[in-house]
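The values are calculated or read from the model by the stated rules, or taken from the named source; none is laboratory data. None of these values were measured; they are calculated from a predicted model. Here the Cβ is made from the backbone with ideal geometry for all residues, glycine too, and neighbour counts use every protein chain on show. We work out accessible area using only protein heavy atoms, side chains counted, and drop any ligands, DNA or RNA first. Shrake-Rupley method; radii C 1.70, N 1.55, O 1.52, S 1.80 Å.
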Amino acid sequence: MAAMRHGKYRFLAGAILPGLLLYAVFVLSPYAQAFYLSLTDWTGVSGEVGFVGLDNFRRLLDDRLFLSALRNNGLMLLVVPLATILLGLLLAALVNFGGRRGSTGLAGIRGGEFYKIAYFFPQLLSLPIVAVLWQFVYHPNEGLLNGFLRAVGLDALAHAWLGDPALALSAVMAVLVWSSVGFYMVLFSAAMESIPRDVLEAAVLDGAGRLATLRRIIVPLLWDNVQVAFVYLGVLALDGFAVVQVMTAGPGGPDGATEVIGLGLYRSAFTYGKFGYAAAMGVTLFFLTLAFAVIALRASRRERVELS
């Protein structure tokens, strides 16, 4: 019996330890190296590494461009998750319950599966490709957006969307929302399909409208999905590097209007050769992301609604 128990432990150790070792080498070790480099003045090419303590983090507090990036990422954190989730919920509700009411209560719209595929399509494209496409859409003279506005007589609304500091960040956020909303629309739609029809029909029989049904019944039942979506989209908003790098002038322009932390990190490391300073930005972004995830999960925690 004892020999069998020891054999079981050896089998478990042999199955688990290689995975833990790989995780330590390829995940934990890079984090540890980044934390260490953030305390040095390493240039990325020299073999000499000088320990500077927290000096890199003190310099971040006086870095005007980093503070601008922090503000822009904060604004993206407020706008991108909320806009994407609201649009995703609305589109999913329209596809599943936006049709005419029949004898069985709420019904989906005709061609709902086609809309799901169409909205999901941007998710198949990488963010750099999405950024290139929208760069053409936003072109001030030949872009699709200004061309449409001029065609319908709204010439006054045509702008240099990526060249105006007041509009550039909003234009970037619109691209992030557009590229993500299809995925969350499909996610919420799949969750809505699992809600028993008799629950929704009971709400309709009680006189609840579509908006009230969505707000008081569907959203509470989908709360776990919304919570996870908010965290993932928040992480996306705290990044934003690929879209800003490809779409904007500078990049990060005009006048730092679209500067984000990831862009400053890349520029400090690979343009100016300040790997220690860039690592300090990375460590700051890591703790900001971690703090956001913890706060978002705890703040949005609520009693789970279960159907019996």
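Determine whether Thr213 is more than 17 Å from the chain's Cα centre (by Cα) and among the hydroxyl-bearing types (Ser, Thr, Tyr). Walk me through how you get there before you give the answer.
Details: more than 17 Å from the chain's Cα centre (by Cα): yes; among the hydroxyl-bearing types (Ser, Thr, Tyr): yes.
Against the criterion (more than 17 Å from the chain's Cα centre (by Cα) and among the hydroxyl-bearing types (Ser, Thr, Tyr)), Thr213 qualifies.
Quick check: is even one residue across segment 11-31 hydroxyl-bearing (Ser, Thr, Tyr) and surrounded by 13 or more Cβ atoms within 10 Å (Cβ to Cβ)? Working first, answer last.
Step one: list which residues in segment 11-31 are hydroxyl-bearing (Ser, Thr, Tyr), which gives 23, 29, 31.
Applying the additional criterion that residues be surrounded by 13 or more Cβ atoms within 10 Å (Cβ to Cβ) yields none.
No, because not a single residue in segment 11-31 is hydroxyl-bearing (Ser, Thr, Tyr) and surrounded by 13 or more Cβ atoms within 10 Å (Cβ to Cβ).
Which of the residues that make up segment 133-149 are surrounded by 14 or more Cβ atoms within 10 Å (Cβ to Cβ), touching a helix residue (DSSP H, G or I) at 6+ places or on another chain (Cβ under 7 Å) and of a type outside the set (Phe, Trp, Tyr)?
Correct list: Gln135, Val137, Pro140, Gly143, Leu145, Leu149.
Output the number of residues of segment 150-176 satisfying the condition of being assigned to a helix (DSSP H, G or I) and either of a type in the set (S, T, N, Q) or open to solvent by 20 Å² or more (accessible area, probe 1.4 Å) (or both). Lay out the reasoning, then the answer.
Let us first name the residues in segment 150-176 that are assigned to a helix (DSSP H, G or I), namely 150-151, 155-157, 168-176.
Adding the requirement that they be either of a type in the set (S, T, N, Q) or open to solvent by 20 Å² or more (accessible area, probe 1.4 Å) (or both) leaves 150-151, 155-157, 170, 174.
The qualifying residues number 7.
Are any residues in segment 177-192 open to solvent by 40 Å² or more (accessible area, probe 1.4 Å), in contact (Cβ under 8 Å) with a residue 24 or more places away in the chain and not aromatic (Phe, Trp, Tyr), and if so, which ones? Write out each step before concluding.
Let us first name the residues in segment 177-192 that are open to solvent by 40 Å² or more (accessible area, probe 1.4 Å), namely 178, 183, 186-187, 190.
From what's left, in contact (Cβ under 8 Å) with a residue 24 or more places away in the chain: 178, 183, 186-187.
Passing the criteria: Val186, Leu187.
When you go through Gly88, Gly98, Gly74 one by one, which is the residue that is at pLDDT 90 or above and crowded, with 17+ Cβ neighbours inside 10 Å? If you could, list the steps in order and put the result at the bottom.
On the way: Gly98 fails: at pLDDT 90 or above; Gly74 fails: crowded, with 17+ Cβ neighbours inside 10 Å.
Among Gly88, Gly98, Gly74, only Gly88 is at pLDDT 90 or above and crowded, with 17+ Cβ neighbours inside 10 Å.
Within segment 255-270, which residues are out of contact with any Pro (no Cβ under 7 Å at 6 or more places or on another chain) and open to solvent by less than 30 Å² (accessible area, probe 1.4 Å)?
If we filter segment 255-270 for residues that are out of contact with any Pro (no Cβ under 7 Å at 6 or more places or on another chain), which is where we start, we get 256, 258-262, 264-270.
Scanning segment 255-270 gives Gly256, Thr258, Glu259, Val260, Ile261, Gly262, Gly264, Ser268, Ala269.
Give the residue that is nearest to Tyr272 (Cα to Cα), with candidates limited to residues of segment 32-61 that are polar (S, T, N, Q) and over 29 Å from the mean Cα position of the chain (by Cα). Spell out the reasoning first.
Initial filter on segment 32-61 (polar (S, T, N, Q)): 33, 38, 40, 43, 46, 56.
Among the residues that remain, those that are also over 29 Å from the mean Cα position of the chain (by Cα) are: 40, 43, 46.
Numbers: Thr40: 15, Thr43: 8, Ser46: 14 Å.
Looking at residues that are polar (S, T, N, Q) and over 29 Å from the mean Cα position of the chain (by Cα), I get Thr43.
For segment 193-246, how many residues meet the condition of being outside any helix (DSSP H, G or I) and either out of contact with any helix residue (DSSP H, G or I) (no Cβ under 7 Å at 6 or more places or on another chain) or open to solvent by 10 Å² or more (accessible area, probe 1.4 Å) (or both)?
Final tally of qualifying residues: 7.
When you scan segment 271-290, do you find a residue that is without any contact (Cβ under 8 Å) to a residue 40 or more places away in the chain, surrounded by fewer than 19 Cβ atoms within 10 Å (Cβ to Cβ) and assigned to a helix (DSSP H, G or I), even just one?
Yes.
How many residues are modelled with pLDDT of 90 or more and outside any helix (DSSP H, G or I) if we restrict to segment 127-142?
The qualifying residues number 2.
Let's see how each residue does on (1) at pLDDT 80 or above; (2) among the hydroxyl-bearing types (Ser, Thr, Tyr); (3) over 10 Å from Leu89 (Cβ atoms):
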residue	(1), (2), (3)
Gly182	yes, no, yes
Met185	yes, no, no
Ser189	yes, yes, no
Ser194	yes, yes, yes
Arg197	no, no, yes
Leu211	yes, no, yes
Ile217	yes, no, yes
Leu222	yes, no, no
Val228	yes, no, yes
